[in-house]
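Data first, discussion second: the structure below is written as structure tokens.
Bear in mind that the values in this text are calculations on the coordinates, not laboratory data. Predicted model, so just to flag it, every value in this text is computed and none were measured. Don't worry about glycine lacking a Cβ; one is built from the backbone with ideal geometry, like all the others, and counts go over all protein chains shown.
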Amino acid sequence: MSTIKAIAENYQTFNPAAYLQNNYVPPRADFSNPDSVVPWKLKCLADACASGEIGGQILVDIGSGPTVYQVLSAFELFKEVILTDFLEVNREELKKWLHDEPGAFDWGPFINHVCSIEGKGEPWQEKQKRLRERVSRVIPVNIHQPCPLGTELAPGTVDALVSSFCLEACSPNYPAFVKALENITGLLKPGGHVLMIGALEESYFLAGKAKLSVVSLTEEMTRKAFYDVGYVIRDFRSYTMPESMKVGVDDVQGIFFVWAQKKESN
């Protein structure tokens, strides 16, 4: 039986470059293919952010990993963006991109695609520049602590959260997944929003030498977790992985997207 400690130890072999290569190049990130999974994720996020109901002072991305695609629409709606990850190697990868250093992953095609979805007609380079300026901090997070960000942010002070492929990939079982959701929810103001993307029916994924276990979720389990923690689900979408997207780096069967709002009196 896996434990939180064992998962943390296993992540020490996580390879950001391998993870990016496995998930954020074609076929999974093929912007010419309407069935590709990354364009689907970006559309879900853009649609929620176009609702006019999300915004405020502080946006926190929980468990950013080495990626920024998950905040490409949401960051525009907040004055400050905080990226977080448990692993120093991922935080360093994020800083490399933020500082436009050699060897950083090229998020340009992702940003360009989001610009086309949003339809404002601006060059993607302008959005990229704004995002780099809007990120104030890249800090550690531990979703299994009651205060996941330690003393960096007080409970109940965050306007919105984004999280992608974090909670289910860093928890040993479903109760720990629900508890982690409860922990990060404590950061949110009453009425605050969360945009989450995660895996459905996945038991493992690879990132270089690392083989990481995942809590296998169904749509029903995911909905129940949000309900039990005290959210109203505003939108829930699921994507079934076609055979063309199964590239031997995991056993994921689908992806979920949820936009949920913390109840005013939780």
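Brief remarks on what is shown
- Region 42-111, dipole about Cα centre (Lys/Arg Cβ +1, Asp/Glu Cβ -1), debye to the nearest 20: 100
- Fully extended contour minus Cα-Cα distance, from Trp40 to Lys5, at 0.36 nm per residue: 9.3 nm
- Highest mean packing first, where packing is the average number of other Cβ atoms within 10 Å per residue, the peptides 137-144, 235-242 line up as 137-144, 235-242.
- Annotation note: GluC sites (Glu not before Pro) in region 179-266 located in DSSP loop regions with a Cβ neighbour count of at most 13 within 10 Å are Glu264.
- Residues of type aspartates and glutamates that Lys43 reaches as a straight line, Cα spacing below 16 Å, ignoring anything fewer than 8 places off in the same chain: Asp30, Asp35, Glu76, Glu118, Asp235
- Shape call, region 1-66: gyration tensor on alpha carbons, a/c limit 1.5: oblate
- Positive-end ranking of Phe256, Leu200, Ser64 along the dipole of the chain, with charges on Cβ about the Cα centre, is headed by Ser64.
- Amide H partners (placed H, <5 Å) of Thr84, local residues excluded: Asp61, Gly63, Ser64, Ile139
- Near the amide H of Ser171, within less than 5 Å, lie the amide hydrogens of Val215, all on another chain or at least 5 residues away, with H placed in the peptide plane.
- Note on Arg132 and Asn15: their simple-model spin labels are 2.8 nm apart, each label 7 Å out from Cα toward Cβ.
- Against the set [x] 1.06; [y] 0.92; [z] 1.12, the structure's computed Rg/Rh (Cα atoms, Kirkwood Rh) falls on [y].
- 5 angstrom amide H check on Gly192, placed H, neighbours 5+ away: Lys262
- Label-to-label distance, Asp47 versus Thr218, with points set 7 angstrom from Cα along the beta-carbon direction: 2.3 nm.
- The value obtained for region 9-108, namely the Cα convex hull volume divided by the number of residues, is 116 Å³ per residue.
- Loop GluC sites (Glu not before Pro), region 40-108, which have at most 14 other Cβ atoms in a 10 Å radius of their Cβ (DSSP): Glu53
- In order through region 193-198: 3J(HN,Hα) via Karplus (6.51 cos²θ - 1.76 cosθ + 1.60), integer Hz, x for Gly, Pro: 10, 10, 10, 10, 10, x
- Its Cα gyration tensor gives region 169-266 an equivalent ellipsoid; the semi-axes, largest first and in whole Å, are 26, 15, 10.
- Peptides 252-260, 209-217 ranked from most to least packed give 252-260, 209-217, packing being the mean of other C-beta atoms within 10 angstrom over each peptide's residues.
- Distance-filtered residues of region 165-196 - backbone nitrogen under 17 Å, label point 7 angstrom along Ser265 Cα→Cβ: 190-192
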